[in-house]
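Have a look at the structure below, then the notes.
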Amino acid sequence: MSLKQKTILLLGPQNTGKTSLFNHLTNSRFQTVNYPGSTVECAIGSLSKKSTESPQKYNIQVIDSPGITSLIGRSEDEKIAISCLTNMSKINKTYDKNPNSVVLVLDSTQLACQLALFKQLIHAGIRPIVAITMKDVLQKRGLSINEQLLKKELGVPVILINNRNKDGIDDLLTSVSTDFAIPSSSTFNMPTSTNVSQLSLDFKWVESLISKIGVKSTSSEKKYSWDLDTILLHPILGLFVFGGIMTTLFWAIFSLATPLMDGIDSMFTWLITLTNSYVPEGIIQTILSDGVITSIGASLIFVPQVAFLFFLIGLLESSGYLARGAALVDKPLSKIGLTGRSFVPLLSGNACAIPAMTAARSIPNKGERLATIFIIPLMVCSARLPVFGLFILLVLSDKSKALGGLMLTGIYLLSLLIAAVVARLLTKFKTFQDKSEGFVMALPRLSMPIFKQVFIQTFYQTKKFITGAGPTIFVVGMGLWFMSSFPNSDHSFAKMIGQWMDPIWAPMGVDWQVGVAILLSFAAREVFVSALAIIFAVQQESQSGIFHSLSQAVTSDGAPVFTLPVVLGLIIFFMISMQCLPTLAVAKKEMGGWKLPVIMTISYIGLAYVLAIITYQVSLLFLA
Amino acid sequence: MSNHIRLLSDIHSDEQVEIYSIEGEGPTQHRVIEMGCTPGTPIRLIQKQAFGGPIIAMIRDAKIAIRKSDAQLIKVCS
């Protein structure tokens, strides 16, 4: 028997704990679906706990929506959250047109500004259930809300919730199930523009309500988080703390992820050895060990780094620091035509361009959003790291670890500089000039991150990264293996193509083998390292194995392949070049067509090529 | 209420003022109003960022960051 579908929409401002509540309701089991006609995702999950009032009567779906400030949507994110109210059936045809229950999630410590949203819903003819989160924070401050009085004043169910211990979730479910008894309402009267005088009245109403129900933070009370801000947002100290946090973030990614990456590496080396000893020698063995296992290994090796970056960014977000970071970098970003809102997407770009481009949806100005997406591929993403790591090793051999770190820092700074120059150039074009909305941002309350929630979020983001980019890397790896093994390894297809393309790579001082590896890295740049390994017939898969073989690699006339000028040119090339098919696909979706992504790809590859040649030729003059 | 009307971008740190009006119409102005900056509301400037960066203000128990040029749209009185 199929149960009747019922939907619960979670709606509310940013940072009110909607997603935590969503995870409690669905037991953290959900899927993300694209809202039709857009790239914005809504998380949908089945209600895991059944209310005692209506056991198994319905098949209940909970939908989490992006944060909103009002019922007028300006950013892509906000627009979708609002259309969920009136067009739920667009997500899934079996849903009713409107959500069967709307839960407005508000932060108990911010009711003075957030309750106006409740009034806007009422004006639109929507009767939400009001879930008030952060009950624990309110209690800590020695404050309380008169729940009964608030319920009476609002005329809708009001439930206080503590997301840290699930307090109040059962009450919420009971209220929701009574909502289901009411037949889905007719059309809502959604506002089309901001009604300033109405909003002023709404806020007046909130003020009087707040004084009645008793939540009023007294100014004499010094709160922990407000105090911390005097340092975090201090004009000078704040910048130092920001620099410290960013440095720690990237240091932690490298140092914490490296042992895990080595572990994955040795696991796959072990798998290859195992395959080679159990599978009889021949074509099946080479397909398995050199093709399948090497390719899967190459696509999984970056997972720890990406997961760590997701996790640490998640911690910063959950603590409320990211919004402060955005405020701190707004000024420098304003010099290149962006605002602080570009900060989070650009920061995520240091893990992976794909989620970073998705994060840009929260930017209300279209021009700024497009410019941010345009420069995201210039960030040092986790796929570039192993490539740079290899180059640094090749240049420095074992001279000094500190020097290597310095070089990597230099690469990061140079990448930021190039991105800044590009963003600055983009401001000359009309497409990127829409700057209608300035920089106004709510700073969420600082709090201890909820680790469990951050873990869940990291898990889903990492899973998406694996399923998104993994297959491409795998397919390319298999293709490469085929090309370099047939018709035979001495006269392979790869060699033929490489030698045919030699005139292209010659000005960069690059040998044909490296040329083939570059060519293949256009599918996904992390392929470069494993491609070199396969082409130079490196048996060991470990970094040191690759390094030793490569540092001794010689061209057909016996000259070393990786001289300092060559490597410097390659670093510049990989810093700028757009070499990631999944990113291109996402850019097409996010930029609404092929035009901009194609311009972006061609100009980055062209620029990378020209600058790499210049770097090589100039350093030849000085270093050779 | 005195007649001394200034811009939000010009007040000092830790100064408590009242919003007098929001100048003009546009997405920035609407966002500011939606966040609770309606005329008559007390607003306190908490911090100014270095090098002319955004100002941090407290309104209706919430902290907001506003770019200096956007804060010039908000007229306040003491």
Condition met for A:G325 (assigned to a helix (DSSP H, G or I), out of contact with any Asp or Glu (no Cβ under 9 Å at 6 or more places or on another chain) and away from chain B (no Cβ under 14 Å)) = no
Mind checking whether some residue in segment B:13-29 is within 11 Å of chain A (Cβ to nearest Cβ), touching an Asp or Glu at 6+ places or on another chain (Cβ under 8 Å) and either touching a residue at least 24 places away in the same chain (Cβ under 8 Å) or crowded, with 21+ Cβ neighbours inside 10 Å (or both)?
-> yes
Among the candidates A:L199, A:L121, A:L111, A:L106, residue that is under 19 Å from A:S65 (Cβ atoms) and either part of a helix (DSSP H, G or I) or outside the structural domain of A:M88 (by TED's automatic domain parsing) (or both) = A:L121
Selected residue (criterion: surrounded by the fewest Cβ atoms within 10 Å (Cβ to Cβ)) from residues of segment A:133-162 that are of a type in the set (V, I, T) and away from chain B (no Cβ under 14 Å) = A:V156
Residue list for segment A:331-369, filter: in contact with a Phe, Trp or Tyr (Cβ under 8 Å, 6 or more places away or on another chain), closer than 16 Å to A:S75 by Cβ and open to solvent by less than 20 Å² (accessible area, probe 1.4 Å) = A:T339, A:G340, A:G367, A:E368
Determine, yes or no, whether A:I411 is open to solvent by 20 Å² or more (accessible area, probe 1.4 Å) and closer than 30 Å to A:T563 by Cα.
-> no
Hey, A:L143 under 18 Å from B:R60 (Cα atoms) and aliphatic (A, V, I, L, M) or not = yes
Which ones in segment A:414-443 are within 14 Å of chain B (Cβ to nearest Cβ) and open to solvent by 20 Å² or more (accessible area, probe 1.4 Å)?
-> A:D434, A:K435, A:S436, A:M441, A:A442
Counting only strands (runs of 3 or more DSSP E) wholly inside segment B:34-73, the ones holding at least 2 residues that are within 11 Å of the chain's Cα centre (by Cα), touching a residue at least 12 places away in the same chain (Cβ under 8 Å) and within 7 Å of another protein chain (Cβ to nearest Cβ) are B:62-66
Selection status of A:L309, within 14 Å of another protein chain (Cβ to nearest Cβ), open to solvent by less than 20 Å² (accessible area, probe 1.4 Å) and hydrophobic (A, V, I, L, M, F, W, C) | no
Matching residues in segment A:483-534 - criterion: being touching a residue at least 40 places away in the same chain (Cβ under 8 Å), closer than 13 Å to A:L570 by Cα and open to solvent by less than 20 Å² (accessible area, probe 1.4 Å) = A:M508, A:V510, A:V514, A:I518, A:S521, A:R525, A:F528, A:V529
Count of residues meeting criterion [charged (D, E, K, R), touching a strand residue (DSSP E or B) at 6+ places or on another chain (Cβ under 9 Å) and open to solvent by 10 Å² or more (accessible area, probe 1.4 Å)] in segment A:89-110 = 1
Taking segment A:558-616 and keeping only residues that are without any contact (Cβ under 8 Å) to a residue 40 or more places away in the chain and open to solvent by less than 40 Å² (accessible area, probe 1.4 Å), one is left with A:L584, A:G593, A:P597, A:T601, A:G606, A:A608
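The values are calculated or read from the model by the stated rules, or taken from the named source; none is laboratory data. Bear in mind the structure is a predicted one, so any value in this text is a computation, not a measurement. Heads up, the Cβs are rebuilt from the backbone with ideal geometry, glycines too, and the neighbour counts pull from every protein chain shown. Ligands, DNA and RNA are excluded from the accessible area calculation, which covers all protein heavy atoms including side chains. Shrake-Rupley method; radii C 1.70, N 1.55, O 1.52, S 1.80 Å.
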